[in-house]
Amino acid sequence: MTSILQYPLPLPPILAHPSSTAPLLITQGAEALLYKSTYLLPSLPCALKYRPRKPYRHPTLDTRLTKHRILSEARLLLKCRKEGVPVPSVYAVDEGQGWLMLEWIEGEVVRVRLNEWLRWRREKGTAEGEEEGELRGLMERIGEAVGMMHGVGVVHGDLTTSNLMLKSREHAEVNDHAEGGEENLLAGEVIIIDLGLASVSRFEEDRAVDLYVLERAFGSTHPRAEGLFEVVLEAYGKSFKGAPIVLKRLEDVRMRGRKRSMLG
Amino acid sequence: MIALGLEGSANKIGVGVISHHANGKAASVLSNIRHTYVSPPGEGFLPKDVAKHHRIWVVTLVKEAMAVAGVTIADIGCICYTKGPGMGAPLQSVAVAARMLSLLWDKDLVGVNHCVGHIEMGREITGAHNPVVLYVSGGNTQVIAYAEQRYRIFGEALDIAVGNCLDRFARTLQISNDPAPGYNIEQLAKKGKVLLDLPYAVKGMDCSFAGILTTIDILAAELKANPEQRDPLSGELITTADLCFSLQETVYAMLVEITERAMAHVGSNQVLIVGGVGCNERLQEMMDLMARDRGGSVFATDERYCIDNGIMIAHAGLIAYEAGFKTPLEESTCTQRFRTDEVLVSWRD
Amino acid sequence: MSVLQTISLEHLPADYVVHIAVYREVKNSSSLQEQLLAGNTEFEYALIDASVIISKIQAMSAAYRAVNDLVENRLRSRNVHSEIVFSLSPNNNIAETFRRFGITPTTTNLLVIKVSTPSQPFSADAVQEHLTKSIDGTQAEFNDNVIAGMTDLARIRKIYKLNTVGSKPEKGVANAKAERRELEMLIISSMALRGATN
C-alpha cells in the first residue's frame, strides 16, 4: 500500500546509502514513517520505521524523545518476542538517527482482510450469522494474541485492526485445511505490530483500556463484525491468569465511556 | 437576534452582547467587556473571593455592555450564561445574576457549556470551518474534533490542566498575577535558553502535567538554595528564565503532539486554539510549525476571545437558542463538571 | 579455490565491503590470537570463534553494525574489526566480549571478517592470499550448513540468555529448524539492543 506524497518527506539518512531496491513508503503516521526496505542482503526484506525530526520541538527535546521512543519500542518488541508473543523481530536500531529496522511481515492487516471477507460474503449472499467459522477463528486468535501480550506485562496502547496483521503462510508449509481453496482470507498467524505507544504495565486499568480501544475500533471500522467481539474477549479471558479480572474492569471502562466518544 | 452573555467560571467576569443577522452574514460583536480578579503574587484565587468579586462587578458590567452595544432591554432576545464547567461559587454568582435578569426582563435563559462557547466563538472569529480544536486554559486541556453533532474529546490532560500547571509555577516563583500568571511566565521564558530535562508525559492521545510541575517546583527550590547552579550539558548558569523556558517548551510540545495525533486520526490539517493559554505566542508558533509541516494551518484568536469572555457565551447561547434550545428557570443550575461532549450540537449536521 | 565471500551490505556506502571466510580444524589459534593482541597491523581482522555463531545473518549483522558505526564515527572499540566482535555482544562489556566471541587458544573453528574501506581498501585476492598464508586450517564455505555444524547451541543460549526459547512447543516453535530460526532472530535483536535492555 503506497501513499501519494504531497509534501516532500524526509528520508532517513541511512536510505541515502546504496541498496538493491528503492525504499517503498508504506504508511505515514503522525509520529513515524514506515518504509519497506532490505536488511543486509537484497533477499532479506525489512520494515524501516523512521521518526523524523519535529520542527516545532526544541532540538534537545526532540533528540531526547526520539531516542527514548525508538529504544522503548525496540525493547518491548524484544521482550515480547522472547516470551513467544507474536510480534516482528528487531533487526537493527539506530536511536541517534531515529530509525529502527524490523522483520518484514508478509501478509496484510486485519482491517483490510476483514473488510474483504465481509464484502465477499455480501456478494455471495451469505446472511450474517451463517458460516462464521472463519471469523470466529480469527477473533479467537486475536484474543489469544492480545492475552499473550498482556500476560507478559506489556500493553499495546493503540490496538486497532490496522495494528494486527495476518501473516501469509510460507510456501513450504502447505497445510491440510484449504477450505474450498480460494478465499482463506482470514487465515494466518495473527501478528501484533506497531508498539510505538506500548508500555510495560500490569494494571487492570491499562489492560482494560487496551481491550476497549480494540472493541471500539471494531465498532467503528467493522460494525458488521462487532457482534463477534465477545469471541475475542472469551479467548482473552482464558489466556492468562489475571485475564478475567481485566474483563470485569472492562465493564467499568465502558461505563465511563470517554473513549467511546473518541472513536465513535 | 441579539443576545446578552455572562461568563464567570473562573477569575474573570465577562459580559458581551452579540448580534446574529438573518441572512447568514458574520455575527457582530456589539460589546465585550470583562473584569479580572487578580490575586497577590504567590497566591492562587479562592472561590469565595472570586464569587464576591463577580457579584460586585456584574451589574456594572451588564449596564456598560448594553450601553456600549447601544441596545435596550427590548432588543435582547435571550440571556445566556455559563452553566459550567468551572468553579462552583463563581458560577453560581453569575447564574444568579442571569436568572435575575431573566425574571426581571422576562427573557428566556440559555445555559451554555463554557468549552463549547470557546469553540463556537473561535470558529466564528477565525472562519475555521471544521478544525481540530485545542482548548487550553487554567481549568481545561482538551483536544476536540466535531463528529455527528458532538464535540468529541480525543485527548485531554489526565490530572491538571496545562494552564493550572503554569499558574502554579508562577506562584512558586512569586511572579505577579497581573494581567495573568501565564502571561508573565511567557515573558520570562523569552529570556531563557537552557533546555532542562523535564518529564515528558504523553500517553497515547492524553497527557499529564502533575509530574512536570512537581519536578519544576523542585528545580526552582534547588535554584533558590544554590543560585550558582550550572547546566551539566552546556555549562551555563541556570536562571529562573531557563526554568520557565524549559517548562513552556516541554508542555507545549506535549500539547502539539497530542493535537497532531488527533489530526492524523481524524484526517484533518486545520487547528484552532482556544482558551486562555491559547494567547501564548510560543504555543501558537509551535502549533503553526506542526500544522505547516502537514500542509495545514493554525487558527487562533487574540486575548479578546481566547481569554474567558462573555461574548462567546452570548454567541454559543444564541446559536443554540436559534436552533430551538432554551433552559427553563428550574433547570438553570450550574455544574462544576460539564463535559464538552455532553452537549448536543444540534445547530451543526 | 577461493571460497572467501565478498559482500556489499545493503545501506552502506558503496566503497565499504566485507570479506568473510570460514576455517575448520585451525591449529594455530594461539599464535593468531597473539598477533591480534600485539596489535600487528597485518592482522587487523575480526577473528571470531565460530562456535558462538548460529548463522550467516548473525555474522553479517555484526559486520553491518560495526561498519555503520564506523561511517557514523561512533566506534566504541579500537577499530572496525574489534567493533565487529563487540557488535556480537548483548551488553556493553567490551573485555568480556573478546573472551566470549573472539579467538582463543582453544578455538578450532574460525570465522574471519575483513572490512575494506576507502581509506584502507583490500581486495578479495589480497585478503585470501594473506589468510591462506597465515591460517593453519581447512577453509570451508561461508554458508549456513557449514556454520550450523560448528555452532555450540548451549553456549549461545547461555551467552544471549535464551534458555527458555523453544522449550515450550506450544509457544509456536514446532521443530528444530524453526527453533534455530527463532533463536537467530532473538540473537539479532539482542545485538541490536546491545546494553539497552532492562
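Tabulated data for the structure shown
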read-out	value
Among (1) of a type in the set (Gly, Ala, Ser); (2) under 18 Å from the mean Cα position of the chain (by Cα); (3) surrounded by fewer than 21 Cβ atoms within 10 Å (Cβ to Cβ) - the single one B:GLY155 does not satisfy	(3)
Which listed residue is open to solvent by 40 Å² or more (accessible area, probe 1.4 Å) and among the charged types (D, E, K, R), from A:LYS79, A:LYS49, A:LYS54	A:LYS79
Complete set of residues in segment B:102-139 that are free of Cβ contacts under 8 Å to residues at least 60 places away in the same chain and among the aliphatic types (A, V, I, L, M)	B:LEU104
Residue check for B:HIS265: assigned to a helix (DSSP H, G or I), crowded, with 22+ Cβ neighbours inside 10 Å and in contact (Cβ under 8 Å) with a residue 40 or more places away in the chain	no
Unique match (being within 14 Å of chain A (Cβ to nearest Cβ), closer than 20 Å to A:ARG75 by Cβ and modelled with pLDDT under 95) among C:LYS177, C:LYS161, C:LYS168	C:LYS161
Segment A:152-193 - residue that is outside any helix (DSSP H, G or I) and surrounded by fewer than 10 Cβ atoms within 10 Å (Cβ to Cβ) and, of those, modelled with the highest pLDDT	A:GLU170
Sole residue being modelled with pLDDT of 95 or more and aliphatic (A, V, I, L, M), chosen from A:LEU77, A:LEU25, A:LEU11, A:LEU15	A:LEU77
Helices (runs of 4 or more DSSP H) wholly inside segment C:72-191 containing at least 1 residues that are open to solvent by 70 Å² or more (accessible area, probe 1.4 Å)	C:94-101, C:124-134, C:144-150, C:153-160
Top-ranked residue in segment A:32-85 [being away from chain C (no Cβ under 14 Å) and touching a Gly at 6+ places or on another chain (Cβ under 6 Å); ranked as farthest from B:PHE245 (Cα to Cα)]	A:ARG51
Which numbered condition C:ILE20 misses (of (1) touching a residue at least 60 places away in the same chain (Cβ under 8 Å); (2) within 14 Å of chain A (Cβ to nearest Cβ); (3) buried (at least 20 other Cβ atoms within 10 Å of the Cβ); (4) assigned to a loop (DSSP other than H, G, I, E, B))	(4)
Residues satisfying the stated conditions in segment B:331-349, i.e. closer than 16 Å to B:ILE119 by Cα and of a type in the set (Gly, Ala, Ser)	B:SER346
Residue list for segment B:166-185, filter: polar (S, T, N, Q) and either in contact with a strand residue (DSSP E or B) (Cβ under 6 Å, 6 or more places away or on another chain) or more than 20 Å from B:THR250 (Cβ to Cβ) (or both)	B:GLN174, B:SER176, B:ASN177
Some residue of segment C:88-104 being within 13 Å of chain A (Cβ to nearest Cβ) and closer than 28 Å to C:GLU25 by Cβ	no
Residue selected from segment A:93-118 under the condition open to solvent by 10 Å² or more (accessible area, probe 1.4 Å) and at the interface with chain C (Cβ under 10 Å from one of its Cβ atoms), by the criterion nearest to A:TYR35 (Cα to Cα)	A:LEU102
Of all residues in segment B:283-313 being more than 10 Å from chain A (Cβ to nearest Cβ), part of a helix (DSSP H, G or I) and open to solvent by 10 Å² or more (accessible area, probe 1.4 Å), the one that is modelled with the lowest pLDDT	B:GLU303
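The values are calculated or read from the model by the stated rules, or taken from the named source; none is laboratory data. On a predicted model such as this, the values are computed, not experimentally measured, just so you know. As a convention, Cβ positions derive from the backbone with ideal geometry for all residues, glycine included, and neighbour counts pool all protein chains shown. For accessibility, only protein heavy atoms count, side chains too; no ligands or nucleic acids. Shrake-Rupley method; radii C 1.70, N 1.55, O 1.52, S 1.80 Å.
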